[in-house]
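These notes concern the structure reproduced below.
The values are calculated or read from the model by the stated rules, or taken from the named source; none is laboratory data. Remember, predicted model here, so these are calculated numbers, not experimental data. Positions of Cβ are generated from backbone atoms using ideal geometry, with glycine treated the same way; all protein chains shown enter the neighbour counts. These area figures cover heavy atoms from the full protein model, side chains too; ligands, DNA and RNA do not enter into them. Shrake-Rupley method; radii C 1.70, N 1.55, O 1.52, S 1.80 Å.
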Amino acid sequence: MSKDAIVSQELANKFATEKETPYTRWVRDEGLEIISGHWVPDLRTVDLKPWPRRGGSGVFINHDASRTSNDCYVCEIPPGGELTVQRQLCEEMILVLDGQGSTTVWNDAGARVTFEWKAGSLFAIPLNTRYQHFNGSGQNPARYVAVTNLPPVLNLFEDVDFVFNTSHDFPSRFNGEPDYFSNEGVQKGLLLETNFVADAVNLPLIEAKERGAGGGHIRFSMAKGSMNSHISQFPIGTYKKAHRHGPGAHVIILSGEGFSLMWPEGEEPRRYEWRAGAMIVPPNMWYHQHFNTGSTPARYLAFKHETVSVRNAQGVPKAWISQRIGGDQIDYADESHEVRDMFAKALAEHGLQPAMDTAYESELADLPPKPDQAATPNA
Ligand SMILES: [Fe+2]
């Protein structure tokens, strides 16, 4: 039996009035659709509707976390056009999917900064600044995907005018620094503090063996915001370890080709194919695992929110810690053989073979003993 937690209509009716929120009502009032889903095959071609207030077109993509933490939308700027000026008491991270253009950001004190972007650029809007996006092409539309923490803000205040039209500068977030969106950054361990990445598809990464298969990783703190994000890459013929965490991680494929498995505990994995432009949003505490079946490294960007992270007492996300010691990551040594067979078969269709032996072997050095072995050290 499926564990999707669907109950009788009678019980559902008792909660019907609580299903809608100020946030969902706002999206409807904007005249836009909400796609409810955990897999979008291509964000670059997903259908949009006119969005009169913004001067472009858009669609919202919602999931488990959209009531409480973060949401997602895709927006297109018409050729030769610009979106209307906006300010908002929420944070927003943006990945440009198609086209080229520029954005101007300014505050009430009068400081103004303009920067240019193109497909693959990544940036964040500083809290409550005024901003405007311009399409740099007269022929082609420009399209971006954004993740925001608008839902809890709108649900808290229930006042659209307050959220989108309050005069207040947050100088610690943005104070008109001329180099605010320059392509520089400060690297602190895995974390890159920057407000603009010109080309997320080709940004150099840092090795992170904890996630398996020799993957590269980099984490971002952008526009001094509270939402985080990261890029992860894994080589040809490899796949990552399965793990699980809270809802609201938007995994956007930047390059490569492959598939992901996702499944709630105790159920059979479901398979989702992907290539550049696809997005996967793992549901709350579903295991998920990403496989590269293409002839190039595969890279994704994850737009997140702290709600995603279930952390241990040291502050380490449990998705990085072996299930053998109470974490939420399944070691290669503990995965089912069906996973390996499925991967080998998918690679064979492309004339490729798994390149996982090094990853399996190097895992053994740090692998905690199985709980039953730890309890009986002589076994
Ligand atoms: Fe994840």
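Residues whose amide H falls under 5 Å from that of Gly56, counting only those 5 or more places apart or on a different chain, are Trp51, with hydrogens built in the peptide plane. Number of Lys-Lys pairs in the chain with C-alpha atoms under 18 Å apart and a separation of 8 or more places or on different chains: 12. Each of Val186 and Asp372 was given a label point 7 Å from its Cα along the Cα-to-Cβ line. The distance between the two points is 5.1 nm. Looking at region 151-253, which GluC sites (Glu not before Pro) are in a loop (DSSP not H, G, I, E or B) and have at most 12 other Cβ atoms within 10 Å? Answer by residue number: Glu184.
For the chain, what does the helix formula give at 222 nm: sum of -39500 (n - 2.57) over DSSP H segments with n ≥ 4, over the residue count, nearest 500 deg cm²/dmol?
Using -39500 (n - 2.57) per qualifying helix, the result is -4000 deg cm²/dmol.
Under a 5 Å amide H cut-off, with hydrogens placed 1.01 Å from N, Asn62 pairs with Ile35, Ser36, Gly37 among residues at least 5 apart or on other chains.
How large a share of the accessible area of region 73-148, in percent, is made up of carbon and sulfur atoms when the probe is 1.4 Å and the other protein chains stay in place? C and S atoms contribute 45 percent here. Plainly put, region 236-317 has a radius of gyration that is 0.98 times its Kirkwood radius, both from alpha-carbon atoms, as the Rg/Rh ratio. Mean projected area of the convex hull spanned by the Cα atoms of the chain, taken over all viewing directions: 21.4 nm². Apolar share of the accessible surface for region 178-337: 52 percent from carbon plus sulfur atoms, 1.4 Å probe.
The phi torsions of region 228-239, fed into the Karplus equation with coefficients 6.51, -1.76 and 1.60 and a -60° offset, translate into couplings of 10, 7, 8, 10, 9, 9, 9, x, 4, x, 10, 9 Hz, rounded to whole numbers, with Gly and Pro shown as x. Around the amide H of Ala119, modelled in the peptide plane, lie the amide H atoms of Gly99, all under 5 Å away and 5 or more residues distant in sequence or on another chain.
Solvent exposure of the chain amounts to 46 Å² per residue of accessible area, where only protein heavy atoms count and the probe is 1.4 Å.
Split the accessible area of region 14-68 by element, probe 1.4 Å, and carbon with sulfur accounts for 54%.
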